[in-house]
1. Tell me, which strands (runs of 3 or more DSSP E) wholly within segment B:36-146 include 2 or more residues that are under 21 Å from residue A:326 (Cα atoms)?
2. Criterion first (within 11 Å of another protein chain (Cβ to nearest Cβ) and within 22 Å of residue A:92 (Cβ to Cβ)) does residue B:129 satisfy it?
3. Quick check on my filter: what residues within segment A:318-332 are closer than 24 Å to residue A:388 by Cβ and facing another protein chain (nearest Cβ under 9 Å)?
4. Would you be able to tell me the number of residues in segment A:267-296 that are surrounded by fewer than 20 Cβ atoms within 10 Å (Cβ to Cβ) and in contact (Cβ under 8 Å) with a residue 60 or more places away in the chain?
5. Kindly indicate which of A:41, A:32 is more than 16 Å from ligand 1 (Cβ to nearest atom), under 12 Å from residue A:108 (Cβ atoms) and free of Cβ contacts under 8 Å to residues at least 12 places away in the same chain.
6. Test residue A:108 against the criterion of being within 16 Å of ligand 2 (Cβ to nearest atom), outside any loop (DSSP other than H, G, I, E, B) and of a type in the set (Val, Ile, Thr), and give yes or no.
7. Any residue that is modelled with pLDDT under 95 and surrounded by fewer than 17 Cβ atoms within 10 Å (Cβ to Cβ) - is there at least one of those in segment A:355-363?
8. Let me spell it out: the conditions are (1) in contact with an Asp or Glu (Cβ under 6 Å, 6 or more places away or on another chain); (2) open to solvent by 10 Å² or more (accessible area, probe 1.4 Å), and residue A:185 meets all of them except one. Which number is the exception?
Amino acid sequence: MGEIEIVLKDALAPGMTRLEGYRAHGGYRALEKAIAMGPKEVQDEVTRSGLRGRGGAGFPTGRKWSFLPNDGRERWLVCNADEGEPGTFKDRYIIEKKPFMLIEGITIAAFAVGAHNAAIYCRGEFLEGIELLEAAIAEARSAGLLGKNILGSGFDLDLWVYRGAGAYICGEESALLESLEGKRGMPRLKPPFPAVAGVYGLPTVVNNVETLATVVAIIEGGAEWYASMGTERSPGTRVFSISGQVRRPGNHEFELGTPLSELIAAAGGLGEGRTLKAVIPGGGSAPILTPDQSDLPMDFESLAKVGSMAGSGGVIVLDDTTCMVRTSLRLLQFFAHESCGKCTPCREGTEWLRKILVRVETGHGREEDLGLLEDVSNNINGNTLCALGDASVGVLLSTLRAFADEYRAHITGGGCPLAPVASMSAAAAGPA
Amino acid sequence: MTADFEAEARALRERYPRGTTALIPILHLWQGKEGYVSQEGIERTARVMELPPAYVESVLTFYTLFRREPTGRYRIQVCKNLSCMLQGADETIAHLARRLGIEPGETTPDGLVTLEAVECLAACDEAPAAQVNFRWCPRLTPEAADRLIDALAQGDAEVVRRYG
Ligand SMILES: Cc1cc2nc3c(=O)[nH]c(=O)nc-3n(C[C@H](O)[C@H](O)[C@H](O)COP(=O)(O)O)c2cc1C
Ligand code: FES
């Protein structure tokens, strides 16, 4: 177990954002190999590698591809580059440092599933990444690596970049597809799943940026090599975005199953004299871990077993100076803002949770507020069309449990024991 | 501008020919020219897309990057989400608001700057993360924010090239 660069390999090598530089570092060997193998073999290879989606849910990629119905309809591949999960910045890094690896991965995946149309849905803030991708696509097209008859294989692929316009919910795959169709980005009722009725009602595979980039490495190195890393149920490596109260925040690629403490060490550890208070291990939606769990293996099953989740791979480190009520409040402000409003429990519940947390943090909390927070959370959990509802209460419920005393101290002591109320500006508190 | 818009919007419709997919790109196109999407922007977009203006407005208002009001020449977006908050984003935002004399969401009376406090920008390793006109502006501490505003106000050549 340890730090290994596969997706991030040569990310900082000069010329990597140009086709020539990418090829000089082995780029496009995997596509040539894939074409020689044929679609079915490529799909089998990805299935045997055990690759699990890096977008959040960890769904096996080969299995997802196999769900496309064989009914003769046109198929689409959509790359999810909406990256909005708090604490996650790996997809942006891949796009900006290795745009061709993403494009090569999309080409291989589209070849494997028989899609002749693909789109990269980028969040609107990724303007610089979008410009890089557009330039890279143009270069790939002139080199015969996209467009008609790719590398003489007879396979055609048209690839668009699409710029979103600011909405976290558009990272949820069915909302993303609505947005890609030019609509308000609200999640669809499932089933039907995108494999059956995706963009324009056509069979669609939606995969995350890192998932698709990883496909390149799997085809190049082979399924056995890839599965020899990581754990049995979480094979391979994953890019972790490590941020918060560490000395050198950044992206680090580790074998899945590497202990959390190694990730924190790779990010430079905590500040001088600080001690660990909590870690959010999989983006702002993931329930917290406490210091006694710092040796927990960072893989899908270990995190699920302790009631958290691997999620987006965003690891947010919190030290002893940080208030847990303030942490929950900040995330609830986010979820209340980003709730699309379609489901009542999420739309109303996140807003009430936010209001109650403002009250507690600013010293106006009431005795019954802790029970109320729990009760409202439980009424959101499991009662919404998409996973944003559950996501919104992950940190809140886990901190209510692990830091009950700290919440209580806010109520009995009339405010935050860690940061004077004055330090929370009106803008930070938001409307009461 | 109007003639350009029509031609470029039609090109976008050809690029994204299916359904109403071209709608969001065309709204980006208008906002890129005007800085925000006015009623005229809605109506012209509706005409190119052959959609009712009310439908265009319903889509427009779903997305936070589209602004409905005149916007400064430099749109500064500072992240306020958790990882940035832990690195002092609240102080940066409060400092900018004080210095510019506006609240987040507002524009300075001279039309130079619009300040916005936004959600995670996927740049948490560069906290406090920010963008100016959608170009990265990493580690925007209060001191860095002062230098940025000075440079914008003076029309510093490098800053204009980067964020212009
Ligand atoms: C509220 C919400 C936000 C999401 N945001 C993202 C995102 O920004 N990027 C992403 O790849 N997946 C995101 N997902 C997960 C997607 O719905 C989907 O599972 C994923 O893109 C599938 O790709 P994968 O199989 O390669 O992981 C989000 C899910 C939810 C419920
Ligand atoms: S929390 Fe600020 S960029 Fe992610």
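1. Those strands (runs of 3 or more DSSP E) span B:74-79, B:113-118.
2. yes
3. Within segment A:318-332, A:318, A:326, A:327, A:330, A:331 qualify.
4. Residues that pass the stated criteria total 1.
5. Details: A:32 fails: free of Cβ contacts under 8 Å to residues at least 12 places away in the same chain.
So the residue among A:41, A:32 that is more than 16 Å from ligand 1 (Cβ to nearest atom), under 12 Å from residue A:108 (Cβ atoms) and free of Cβ contacts under 8 Å to residues at least 12 places away in the same chain is A:41.
6. Details: within 16 Å of ligand 2 (Cβ to nearest atom): no; outside any loop (DSSP other than H, G, I, E, B): yes; of a type in the set (Val, Ile, Thr): yes.
The answer is no for residue A:108.
7. Yes, because at least one residue in segment A:355-363 is modelled with pLDDT under 95 and surrounded by fewer than 17 Cβ atoms within 10 Å (Cβ to Cβ).
8. Every listed condition holds for residue A:185 apart from (2).
The values are calculated or read from the model by the stated rules, or taken from the named source; none is laboratory data. What you see is a predicted model; the values in this text were computed from it and never measured. All Cβ positions, even for glycine, are placed from backbone atoms using ideal geometry, and neighbour counts span all protein chains on display. Just so you know, the surface numbers come from the protein's heavy atoms only, side chains and all, with ligands and any DNA or RNA stripped out. Shrake-Rupley method; radii C 1.70, N 1.55, O 1.52, S 1.80 Å.
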